[in-house]
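Presented below is the structure to which this report refers.
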C-alpha cells in the first residue's frame, strides 16, 4: 500500500473572488478543491538519534525518485528524502551536495505522520 503525504491534510473548496479572478476566469470554473498547506516539523534531536542515515552524493543526472527507488524500492516516496533534507524538489540540490536518506522507512514515515497532526 502506498503511503500518501496528503493523507492527513484537509481538502477545502476555494471560491475566493480574488483567486477566481486571477485563475478561473479563463478556465470557465467557479471553484477548486485544494489541499490545505502542510505544516510539518522535523525530527527532534532524540528522534534523529534513532534514524539511520545513508548518504548519497548528488550527481548531474540524480533525481529524488531514483534515489527513493534505490534505497526504498518505491520511487513514489521521493518526498520523504526531500522532507528530511529540507529541500522540496530536485532543483534545490546542486551537483556534489550530500543527500541524507533516512531509515528505517516505517519509523521515518511515523515521524512524518506525527509532524502533520
The alpha-carbon pair-distance distribution computed for the chain, with 10 angstrom bins and whole-percent values, is 12, 36, 27, 18, 8, 0
Mean Cβ-within-10 Å packing, highest first, puts peptides 54-65, 92-103 in the order 92-103, 54-65
If one compares the long axis through the Cα atoms of helix 105-116 with the longest principal axis of the Cα atoms of the chain, the angle in degrees, nearest 10, works out at 40
Footprinting proxy, 35, 69: sorted fewest to most Cβ within 10 Å, the residues are 35, 69
So residue 106 and residue 20, fully extended at 0.36 nm per residue minus their Cα-Cα distance, gain in nm 26.9 nm
Neighbour-count ranking for 51, 11 (other C-beta within 10 angstrom, fewest to most) reads 11, 51
Largest fluctuation, 77, 105, 45 only, Gaussian network model of the chain with Cα springs under 10 angstrom, belongs to 45
Taking 25, 20 and counting other beta carbon atoms within 10 angstrom, the fewest-first order is 25, 20
Quick calc, residue 10 & residue 52: beta-carbon distance into FRET formula, R0 22 Å, rounding 0.05, result 0.10
Length-normalised contact order of the chain, Cα under 8 Å, at least 6 apart, in percent, tallies to 29
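A short reminder: the numbers here are calculations on the coordinates, not readings from a lab. Predicted model only: the values in this text are computed from it and were never measured. Positions of Cβ are generated from backbone atoms using ideal geometry, with glycine treated the same way; all protein chains shown enter the neighbour counts.
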